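The block underneath contains the structure these notes are about, expressed in structure tokens.
The values are calculated or read from the model by the stated rules, or taken from the named source; none is laboratory data. All values derive from a computational prediction rather than experimental measurement. Here the Cβ positions follow ideal geometry from the backbone for every residue, glycine too, while neighbour counts run over all protein chains shown. Only protein heavy atoms, including side chains, enter the accessible area calculation; ligands, DNA and RNA are left aside. Shrake-Rupley method; radii C 1.70, N 1.55, O 1.52, S 1.80 Å.
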Amino acid sequence: MRLRNEVIFFISLIISFGVSNYSSYPRCHVLENNSYSGYRGVNLGNFLEAPSEGEWSNGIIIQKKHFYRIASAGFNLVRIPIRWNAHAMATSPYTINDSFFDRVDWVINQGFTQNLSIIINIHHYNELMDHPESHKDRLLVLWQQISQHYQNYSNNLIFEILNEPYGNLTNTLWNQYLQEAIDIIRIANPNRTLIVGPTDWNNVWALNELILPQNDSNIVVTFHFYSPFEFTHQGAEWVSGSNAWLGKNWNGSQSEKDAINYEFDIAINWAKANNKRLFLGEFGVYQYAFTNSRIRWTTYVRTKAESHPEMWGWTYWEFCAGFGIMDSSLTYWNKGLLGSLLPDSPLIIITNTDTPSTTTSSLPATDTTTGSENSTVSYSMSTSQSNISSVFTYLEILPILLLISPITVFYTKRRIRK
Ligand code: GLC
């Protein structure tokens, strides 16, 4: 009898521990005093954009749990960069490999299972940027195949025509190609949202050159934001000379904010004048910048994006590689960065986002930056949460607790009967 009481007490303790923590986290996306209702998402970068999946991620490929983690944090959109050109014939008829289509289908469906909207694009088509005229037909035939293949998918699948046009793909050529690609896609996908961006790596400065079809109201215009580049890309292996930028901070001074506002306002004013919705498809700071600066910049840019009704949504660059908000094995959240994107995430509690203070932030478990800097951001996490969250979040552990309880009762009853 005594044993039974102890066991019941123990089980109740576990359940109330889980339930109390579960219910204490806010569940909704929109902050108080924040009317933003657009998409909040993340890029699943470095996977299907690599020459072959796994090549840029130590053999790790996209799994179910990527989408589970993304959804449980509170995001509702995932942008999946895809190097289709590495999986299609080089010459006409430019057929895309069936097995690659199967793989992309699986990935999209995993996102849908978690109620996420999904953007797919054509990413890293570098040959097109170098030799646009000889790759134009291939680009269009790729879209013909992709758009036919996904024509019956729900409208939660969104097509982005091309990542970051640059180089020899000039404004004149790009304006022609995008019109022809849209005409092809619209044959079988009349109602799907399409995303198109300007040249110069989707830079706001090139928006004025972008010419879109007049009669299509379901086109969202994307831009990418990495300014100041020497801060966001410090130490980036693919940017030559970027090691010299290591140690650059973003302190959130008025002049730093003004510089961001200036570029952002170019996009916002363009959208107002052209009656278009905007998508901030990429923004982020590479791993070698000091964490507090990364958090300050990301918070500022994300908040700025959410302060304009022209914004349709944003996706942070990126989830679990060099700019990531999680480590690649999906064990640790960088909670400071997660909070800068989703302050009301069920996985985090944050106080104070922009008020100067003298305290040093409690750096997240993934922080590997060396050196120190004076913080102007202060974060507080409930201690119980920070102890456990590096491995499981409460939301993840709750089903386990609920499963264990009846099993324990069953075996205890059996032992007592004996
Ligand atoms: C672009 C590139 C991607 C890179 C990112 C940040 O999207 O395609 O590979 O990581 O910008 O530089």
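Label positions at residue 262 and residue 246, each projected 7 Å from the Cα along the C-beta direction, are separated by 3.0 nm.
Using a probe of 1.4 Å, the accessible surface attributed to residue 125 totals some 0 Å² when neighbouring protein chains are kept in position.
Across the protein chains, with a 1.4 Å probe defining accessible surface, the residues 300, 332 rank 332, 300 from largest area downward. Scalar couplings 3J(HN,Hα) for region 228-239, obtained by applying the Karplus form with A = 6.51, B = -1.76, C = 1.60 to θ = phi - 60°, are x, 4, 5, 7, 6, 10, 4, x, 5, 4, 8, 10 Hz; x denotes Gly and Pro.
In this simple spin-label approximation, residue 131 and residue 187 carry label points 7 Å from Cα along the Cα→Cβ vector, and these lie 2.6 nm apart. Take the Cβ atoms of residue 101 and residue 171, set R0 to 22 Å, and the FRET efficiency comes out at 0.10. When 239, 220 are compared by accessible surface with a 1.4 Å probe, the order from highest to lowest is 239, 220.
Measuring with a 1.4 angstrom probe and ignoring ligands and nucleic acids, residue 133 comes out at about 140 Å² accessible. For region 276-310 versus region 55-96, the spacing of their alpha-carbon centroids is 23 Å. Lysine pair count for region 26-392 (Cα-Cα distance under 29 Å; residues 8 or more apart in sequence or on different chains): 13.
Close amide H partners of residue 157, meaning residues 5 or more places away or on another chain with modelled amide H under 5 Å apart, are 118. Count Lys and Arg as plus one, Asp and Glu as minus one, and take only other residues whose Cβ is under 12 Å from that of residue 170; the net charge is then -3.
For residue 279, the residues 5 or more places off, or on other chains, whose built amide H falls under 5 Å of its own are 221, 222, 223, 312. Packing, taken as the mean count of other beta carbons within 10 Å per residue, orders the peptides 189-195, 156-162, 251-257 from highest to lowest as 156-162, 189-195, 251-257. To the nearest 0.05, what FRET efficiency results for residue 255 and residue 209 with a Förster distance of 22 Å applied to their C-beta separation? The value I calculate is 0.15. In this structure residue 277 has an accessible area near 90 Å², from a 1.4 Å probe over the protein heavy atoms.
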